[in-house]
Amino acid sequence: MRWWDIDPVLELEKDLFPEDAWSRGMFWSELAHARGATATRRYVVAEEALAEGGVRLVGYAGLAASGELADVQTIAVARDHWGTGLGGLLLTELLRAATAFECAEVMLECRIDNVRAQKLYERYGFEAIGFRRGYYQPGNVDALVMRLTDPSTSVQGTEING
């Protein structure tokens, strides 16, 4: 993800997470830590080629690393791409980044009502370890906290092209 991706990312963010969408400033702040030798973030986008030329952003994901712990900050896939495997590709890229950052564990929070995402994370070896009550505001929705130990084992044998 680069600065020029922020506007299309915000459009998708507002569509998918209308109550608790990230702000432009939040994405700028994350990207400020995603470049250079001291980078602690990895943000990626997925684009679809359009028949009339150009591209459309159809997904994005971000990870923050601190020491041996990484945290999945966000994963989003356009509604018309749900069920295509794109979420898994984005998650795989984040787990590769966690491995490159030499993180031993990856954590994430997932809306308790987002069963689709929970199933994705479970397929990659994440386990539920607790809850955060009222985590998502303003809707006061609980978060399921999930953890993956040794992210390198979840990406072995997977390949991302393009």
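The values are calculated or read from the model by the stated rules, or taken from the named source; none is laboratory data. Owing to the predicted nature of the structure, the values given are computational and were not obtained by experimental measurement. We place every Cβ from the backbone using ideal geometry, glycine too, and count neighbours over all the protein chains shown. Side chains included, ligands, DNA and RNA excluded: accessible areas come from the protein's heavy atoms. Shrake-Rupley method; radii C 1.70, N 1.55, O 1.52, S 1.80 Å.
Worth pointing out:
- Output for the range 1-32, where each listed residue is open to solvent by less than 90 Å² (accessible area, probe 1.4 Å) and not in a helix (DSSP H, G or I): M1, F17, D20, A21, W22, S23
- In the range 100-114 there is at least one residue matching the filter, namely being in contact (Cβ under 8 Å) with a residue 40 or more places away in the chain and among the acidic types (D, E).
Conditions tested, residue by residue: (1) open to solvent by less than 40 Å² (accessible area, probe 1.4 Å); (2) under 25 Å from T40 (Cα atoms); (3) in a strand (DSSP E or B).
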residue	(1), (2), (3)
T84	no, no, no
L91	yes, yes, no
E109	yes, yes, yes
A117	yes, yes, no
G130	yes, no, yes
Y135	no, yes, yes
P138	no, no, no
V145	yes, yes, yes
T153	no, yes, no
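- On the stretch given as the range 48-61, residues that are at pLDDT below 95 and open to solvent by less than 20 Å² (accessible area, probe 1.4 Å) total 0.
- Applying the criterion of being without any contact (Cβ under 8 Å) to a residue 24 or more places away in the chain and surrounded by 12 or more Cβ atoms within 10 Å (Cβ to Cβ) to the residues of the range 33-47, the residue that is nearest to the chain's Cα centre (by Cα) is E47.
- Top-ranked residue of the range 69-82 - restricted to ones that are free of Cβ contacts under 8 Å to residues at least 40 places away in the same chain and in a helix (DSSP H, G or I), ranked as nearest to M146 (Cα to Cα): H81
- Residue that is farthest from V141 (Cα to Cα) [pool: residues in the range 1-28 that are of a type in the set (G, A, S) and more than 15 Å from the chain's Cα centre (by Cα)]: G25
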